[in-house]
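The values are calculated or read from the model by the stated rules, or taken from the named source; none is laboratory data. Just so we're clear, the structure is a prediction, and the values are computed from it rather than from any experiment. Every residue, glycine among them, receives a Cβ derived from its backbone with ideal geometry; neighbour counts consider all protein chains shown.
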Amino acid sequence: MTAPAAPGSPPGLLRRIFDSDLWYSFTRSWITMGSGICVLLLVVGALGAPVLAPHDTFDPATLKLMDAFTPPVWVEGGNPTYLIGTDNQGRDMLSTIMFGMRISLLVGFAAVLFSLVLGVGLGLVAGYLGGTIDALIMRVADIKLAFPAILIALLVDGVSRAALPRDMHDQLALYVVVFAIGVSNWVSYARTVRGTVMVERGKDYVQAARVIGIHPAVIMVRHVLPNVMGPVLVIATLGLALAILTEATLSFLGVGVPPTQPSLGTLIRNGNDYLFSGEWWIAIFPGLTLVVLALSVNLLGDWLRDALNPKLR
Amino acid sequence: MIAFILRRLMQAVVVMLTVALISFALFNFAGDPINNMVGQDVSLADRERLREALGLNQPFWVQFGIFLQNALQGDFGLSYRLGRPVEDLIVERLPATLELSLTAAALAVFIGIPLGVYTGLYRDTWLSRVFLTASLAGVSLPTFLIGILLILIFSVELNVLPSFGRGETVEIGWWTTGFATWSGIKALILPSITLCLFQLTLIMRLVRAEMMEVLRTDYIKFARARGLPDRKVHFGHALKNTLVPVITVIGLQFGSIVAFAIITETVFQWPGMGLLFIQAVNFVDIPILAAYLVLIALFFVVINLVVDLLYYFVDPRLRVDRTAAGGEATP
Amino acid sequence: MPNHLLEVDRLKVVFPTRRGTLVAVDDVSFHIDQGEVLGVVGESGAGKSLTGAAIIGLLEPPGRIAGGEIRLDGRRIDNLPYSQLRRIRGKEIGAVFQDPLTSLNPLYTIGKQLTETIETHTDMTPTKARERAVQLLKDVGIPAAEKRIESYPHQFSGGMRQRVVIALALCANPRIVIADEPTTALDVSIQAQIIALLKRLCQEHGTAVMLVTHDMGVIAETADRVAVMYAGRVAEIGPVRDVIKHPKHPYTIGLMGAIPAIGHGTERLTQIEGAMPRLTDIPRGCAFNPRCPKVFDRCRSERPDLLATETSLASCWLYDDQRAPAREAAHV
C-alpha cells in the first residue's frame with residue numbers, strides 16, 4: 001500500500017475512502033451494494049422529479065380524466081404514454097410516485113434530523129449533568145419508549161388537530177407530521193449518547209482538560225461527539241426507514257401529510273379504494289416503491305451497524 | 001420484594017396521573033367544550049348556565065379532580081360524534097381488539113422465538129439466511145401494506161378469506177367472541193397475520209442477536225469447556241440468559257401490538273378500539289381521544305409492571321437486596 | 001520414547017483475515033507428563049492462550065488449527081469429531097479461565113452448575129452428584145459448602161468464584177487442567193491462595209496442569225517446567241529452575257533481567273528494546289532478531305528449531321553446533 005496523500009486533499013480523501021474497512025465491507029456484499037444503488041436511484045428520481053418526471057402532475061392543465069384508470073403498458077388497454085398506468089384522475093403513476101417520494105423523503109429526513117438533534121442534545125445534557133436532570137430525562141425516555149412511535153405520532157397529530165383551527169392545521173400539517181415522527185424517535189439517540197458521555201466523563205483526559213480550564217461544552221463536542229458518531233449514524237439510518245414508514249402509515253390512515261401534497265402513503269390510501277375493482281396498480285406501485293426504499297435503507301443500516309461494530313468482526 | 005412492588009406501583013400512579021392531566025388538558029384547551037356540545041343557536045345565558053351546571057367555571061384543579069373522579073368510575077362523558085357514553089363505546093369494542101391482539105401476539109411469540117434461536121445457533125445455514133432476508137422484508141413492509149397485499153391475494157384474487165369485519169360473533173356476557181364460529185376464525189386469519197408479522201420479525205431478530213451475544217460470553221465457553229452437551233449449553237445456559245432482555249421486549253411489544261391494531265383495524269375494517277380511535281382523531285372527538293389515551297396508558301403501565309415482576313423471577317441478581325450483597329462480598 | 005500424557009506437535013493456529021492469513025501459533029511443540037505442571041509464559045499476543053484453547057478445541061472462529069497434532073495418551077484429539085471431543089472436555093481435560101466473574105452462568109446456582117457437569121461425565125444419581133458437589137466445594141475451601149451450594153455466582157467474591165471455577169474444572173477428575181491466566185483478574189492478595197489451591201489439588205489427584213500466565217513469579221513457584229513463548233513460537237522450554245537461573249535464549253535472558261529479585265536490590269533492571277512484532281509483520285528468520293542483542297546474519301534468514309543447550313531447549317542459532325549460516329551443508 002502506498003502512503004496516503006496529505007489528509008484533506010481530495011485524491012487523498014478518495015483513496016482513504018476506497019482503502020477503508022468500511023468501503024471494503026461495502027463491496028464485499030452484493031446485497032449492500034444493490035441497496036446502495038437502489039437508494040441512490042430513488043433519491044435521484046425523487047429530487048429530480050420536476051425535471052425527470054414524464055408528466056407534471058401538479059399542473060391541472062395536463063390532467064386528462066379520459067385517461068383515468070389506464071393500466072400499465074404490458075396489460076391490455078395500456079398506453080405507452082403512461083408506463084405504469086394512471087390513477088383515478090388520469091395522473092401518470094410514475095410521475096405521482098416520483099413526486100410522492102419527494103414528500104416521503106423530505107418528511108423522513110426532516111424527522112430524523114429533528115429527533116437526532118433532540119436526542120443527541122438531551123443525551124449530552126443527561127450524561128454530563130447527571131443527577132436529577134439525568135434521572136428526569138431518562139424517566140421520560142423510559143415512558144416514551146413504552147409507547148410505540150406510531151401511537152405517539154397519532155396522538156400528537158390528534159392533539160394538534162384539536163388545538164389548531166382547521167385551515168391552520170392543513171397549512172402546518174407537514175410540520176406537524178415531522179414533529180410527531182421526530183418526537184417519537186429521539187430516545188435511542190439520547191440513550192446511546194448518554195451512555196458514551198458517562199463513560200468518557202470519568203476518563204482522565206476529561207478531568208485533565210477540566211483542570212486546565214477547558215469549558216465542558218468544548219470537551220463534549222471535541223471528545224465525546226466523535227465517539228458517538230458511529231452508533232448515531234446507524235440509528236439515524238435505521239431511523240430514516242422507520243420515519244418513512246411511519247409517515248406512510250400516518251398518511252395512509254388519513255392523518256399524515258395534507259392531500260394537496262401526496263406522499264407515497266397518500267397514494268397507497270388512494271389506490272386502496274380501487275383494489276377490489278381490479279385497478280391494482282394504483283396501490284401496488286407506490287407500495288412497491290415504498291418497500292424498496294425502506295428495505296434498501298434498512299439493509300444499508302444493517303450493514304453499517306455490522307461494519308462499525310468491532311465485536312461482530 | 002414488597003418494597004420493589006410498592007416503588008413500581010408509585011411510579012405507575014405518577015405516570016397515570018400525568019396521562020390523565022394531559023387528556024384533561026385536551027378537553028380544556030382544545031377549543032371550548034360548550035361549543036363542542038351545543039349548537040350555534042343556543043343563547044349566551046344558556047351557555048353560561050350549562051357551564052355552571054357542568055362545573056366548567058370552577059378553578060382548573062377542582063375541575064381536574066372531578067375529571068379524575070369520573071375517570072376512576074369509567075365516566076369519560078359523551079362522544080361528540082356519536083352522542084353516546086364513551087365507556088359504552090369502548091366496552092363494545094374492547095373484545096374485538098383484544099382477541100385480535102392476543103392472537104397476533106401468540107403467533108409472534110411462538111413463531112418468533114424458535115426462529116430466533118435457530119438463526120442464532122446456526123448462523124451460516126442457507127435456511128438461516130432465508131429467514132433473515134425474509135425478516136428484513138418484514139421490517140421494511142409497513143403493516144398497512146401487508147394487509148393490502150394479503151387482501152389482494154386471498155380476498156380479491158383467490159377469494160378464500162374475508163377482507164373485512166369479524167364474521168359471526170357469539171356473545172358471552174358483555175364479551176363478544178369470534179373464536180366460537182368458523183366464520184369468526186376465518187375473519188381473524190388475515191388481520192392477525194398482518195398484525196403479527198412485524199412483531200414476529202422483531203422478536204426473531206432480537207432473540208437471534210441476544211443468542212449470538214450470549215454465545216460469545218465466557219460462561220458459555222466455560223460450559224463447553226466442561227463438556228456439557230450442546231443441548232444443555234444452547235437451551236439451558238444460553239436461552240435462559242437470552243430470555244431476560246427478550247421478556248422486556250415482548251412485554252413492550254404487546255403494547256405495541258395494541259397500538260398497531262389501529263392500522264390493522266383500519267385496513268380490515270375490524271370493529272375494534274383502534275378504528276374507533278382513528279375516527280375520533282379524524283373528527284376531533286375529544287372524549288374518545290382522552291379515554292383512549294388513559295386506557296392505553298393504563299394498559300402499558302400494567303404490562304410494564306408484569307414485565308418487571310417477570311424479570312425479578314428470571315434474574316436472581318435482582319432478588320438480593322443491597323445490604324445482603326454487600327455483606328457477602330468478603331470471602 | 002515413553003508416552004507423554006499430552007503431546008503438542010508442531011501446532012499451527014491461523015486466523016484468516018482480509019489482509020491475509022495471520023499465523024498466531026506457529027510450529028509449537030511441547031509435552032506434559034502425568035502430574036506435571038508446565039508453565040507457559042509470554043507477553044500478551046504471544047499465542048499462549050490460543051494454544052490452550054486449541055488443545056480443548058475451543059478456538060473462536062475464524063481461528064482454526066492449520067497444522068500439527070495434539071495427542072492425549074498417544075491418541076490424536078485435534079481432529080476428533082465434535083461429539084467425541086466434547087466427551088474429553090471436562091472429563092479428561094479440565095479448564096480454568098481468566099475471569100471468574102464471567103466464567104459462571106449468572107442465572108444458575110453454583111450447585112446446579114456443579115451437578116450438571118458431574119452428571120454429564122459420570123453415572124451418578126442426582127443425590128450422589130450433589131454430595132460430590134458439596135465435597136468439591138469443601139475441597140476448594142468454600143466455607144459452609146452445604147449452604148452455599150444454593151447460592152448464585154453474584155453472591156460470591158471474585159476469589160471465591162475462582163475457587164468454584166476450579167471445583168468445576170476438577171468435577172470429573174480430569175487428567176490435565178488447562179489454567180488460562182487463572183489469577184490475572186484477581187486481587188494480588190488472593191492470587192497466591194488460588195495458585196496454592198490449584199497446585200495442592202492437582203498434586204493430590206495427580207492431575208497435570210498447563211498453567212498459562214504472564215507472571216514469571218507464579219511460574220517459579222508452581223511449575224516443574226516452563227515454556228517461554230514469543231510471537232507465536234516457543235523460544236525456550238526446560239526445567240523451571242534452569243530456565244530462570246540460566247536462561248539460554250536471548251529473549252528469556254532479557255525477560256529474566258526485567259524481573260526484580262528480592263535480595264538483589266542494587267542490581268539495575270534491564271529491559272528489552274522494542275516491542276513484540278505484530279502478527280501481521282513477523283520478521284523473516286528468528287522472530288526475535290530485530291530486538292536481539294546477539295543477532296547475526298543467519299538469524300535474519302533462517303528460522304531456528306528448538307536446539308538442545310546444556311539445560312534446556314532454545315530456538316536460537318547460538319546453540320547450533322555449526323554457527324555458520326550453511327546449515328544444510330552441515331546436516332546432510
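Results for (1) part of a helix (DSSP H, G or I); (2) within 14 Å of another protein chain (Cβ to nearest Cβ); (3) free of Cβ contacts under 8 Å to residues at least 24 places away in the same chain; (4) on the phi < 0 side of the Ramachandran plot, shown as yes or no for each residue.
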| residue | (1), (2), (3), (4) |
| --- | --- |
| A:104 | yes, yes, no, yes |
| A:116 | yes, no, no, yes |
| A:120 | yes, no, no, yes |
| A:125 | yes, no, yes, yes |
| A:136 | yes, yes, yes, yes |
| A:140 | yes, yes, yes, yes |
- Query: What are the residues in region B:221-238 that are of a type in the set (A, V, I, L, M, F, W, C) and more than 8 Å from chain C (Cβ to nearest Cβ), if any?
  - Reply: B:233, B:235, B:238
- Considering each of A:174, A:155 in turn, give the residue that is more than 10 Å from every other protein chain (Cβ to nearest Cβ), buried (at least 16 other Cβ atoms within 10 Å of the Cβ) and either farther than 23 Å from residue A:234 by Cα or polar (S, T, N, Q) (or both). A:174
- Taking residue B:165 and the conditions (1) away from chain C (no Cβ under 14 Å); (2) over 22 Å from the mean Cα position of the chain (by Cα); (3) on the phi > 0 side of the Ramachandran plot; (4) not β-branched (Val, Ile, Thr), which numbered condition does it fall short on, given that it satisfies the others? (2)
- Message: Condition first: small (Gly, Ala, Ser) and either in a loop (DSSP other than H, G, I, E, B) or modelled with pLDDT under 85 (or both). Can you find one or more residues in region C:280-290 that meet it?
- Response: yes
- Taking into account only those residues within region C:177-193 that are closer than 22 Å to residue C:133 by Cβ and away from chain B (no Cβ under 11 Å), which is modelled with the highest pLDDT? C:179
- Per the filter on region B:282-314, residues over 14 Å from the mean Cα position of the chain (by Cα) and at pLDDT 80 or above are B:287, B:288, B:289, B:290, B:291
- Among B:244, B:249, the single one that is at the interface with chain C (Cβ under 10 Å from one of its Cβ atoms), closer than 30 Å to residue A:142 by Cα, surrounded by fewer than 24 Cβ atoms within 10 Å (Cβ to Cβ) and at pLDDT below 80 is B:244
- Query: Quick one: is residue B:182 under 23 Å from the mean Cα position of the chain (by Cα) and aromatic (Phe, Trp, Tyr)?
  - Reply: no
- Could you tell me whether residue C:43 is more than 9 Å from chain B (Cβ to nearest Cβ), in contact (Cβ under 8 Å) with a residue 60 or more places away in the chain and more than 30 Å from residue C:259 (Cβ to Cβ)? no
- Message: So, residue A:41, is that one modelled with pLDDT of 75 or more and either farther than 25 Å from residue A:295 by Cβ or surrounded by 12 or more Cβ atoms within 10 Å (Cβ to Cβ) (or both) or not?
- Response: yes
- Query: Would you call residue B:226 among the charged types (D, E, K, R) and surrounded by fewer than 19 Cβ atoms within 10 Å (Cβ to Cβ)?
  - Reply: no
- Query: If you check residue B:217 against the conditions, is it buried (at least 24 other Cβ atoms within 10 Å of the Cβ) and modelled with pLDDT of 85 or more?
  - Reply: no
- Which residue out of B:209, B:187, B:238 is in a helix (DSSP H, G or I) and over 27 Å from the mean Cα position of the chain (by Cα)? B:238
- Within region B:267-288, is even one residue of a type outside the set (A, V, I, L, M), in contact with a Gly (Cβ under 9 Å, 6 or more places away or on another chain), in contact (Cβ under 8 Å) with a residue 40 or more places away in the chain and within 10 Å of chain A (Cβ to nearest Cβ)? no
- Query: If you check A:236, A:248, which single one turns out to be in a helix (DSSP H, G or I), at the interface with another protein chain (Cβ under 10 Å from one of its Cβ atoms), buried (at least 19 other Cβ atoms within 10 Å of the Cβ) and of a type in the set (Gly, Ala, Ser)?
  - Reply: A:248
- Per the filter on region C:89-142, residues at the interface with chain B (Cβ under 7 Å from one of its Cβ atoms) and within 25 Å of residue C:34 (Cβ to Cβ) are C:89, C:90, C:91, C:95, C:97, C:117, C:120, C:121
- Message: Any residue that is in contact with an Asp or Glu (Cβ under 9 Å, 6 or more places away or on another chain) and not in a helix (DSSP H, G or I) - is there at least one of those in region A:299-311?
- Response: no
- Message: Out of the residues in region B:143-162 meeting the condition of being within 8 Å of chain A (Cβ to nearest Cβ) and free of Cβ contacts under 8 Å to residues at least 24 places away in the same chain, tell me which one is surrounded by the most Cβ atoms within 10 Å (Cβ to Cβ).
- Response: B:145
- Message: Is it the case, given these coordinates, that residue A:285 is farther than 23 Å from residue A:173 by Cα, without any contact (Cβ under 8 Å) to a residue 12 or more places away in the chain and either within 11 Å of chain B (Cβ to nearest Cβ) or assigned to a helix (DSSP H, G or I) (or both)?
- Response: no
- Members of region B:135-162 found to be under 23 Å from the mean Cα position of the chain (by Cα) and part of a loop (DSSP other than H, G, I, E, B), listed by number: B:141, B:142
- Out of all the residues in region C:161-176, which are of a type in the set (A, V, I, L, M, F, W, C), part of a helix (DSSP H, G or I) and within 10 Å of chain B (Cβ to nearest Cβ)? C:165, C:168, C:169
- Query: Where residues in region A:197-206 are in contact with a helix residue (DSSP H, G or I) (Cβ under 9 Å, 6 or more places away or on another chain) and assigned to a helix (DSSP H, G or I), which of them is farthest from residue A:122 (Cα to Cα)?
  - Reply: A:205
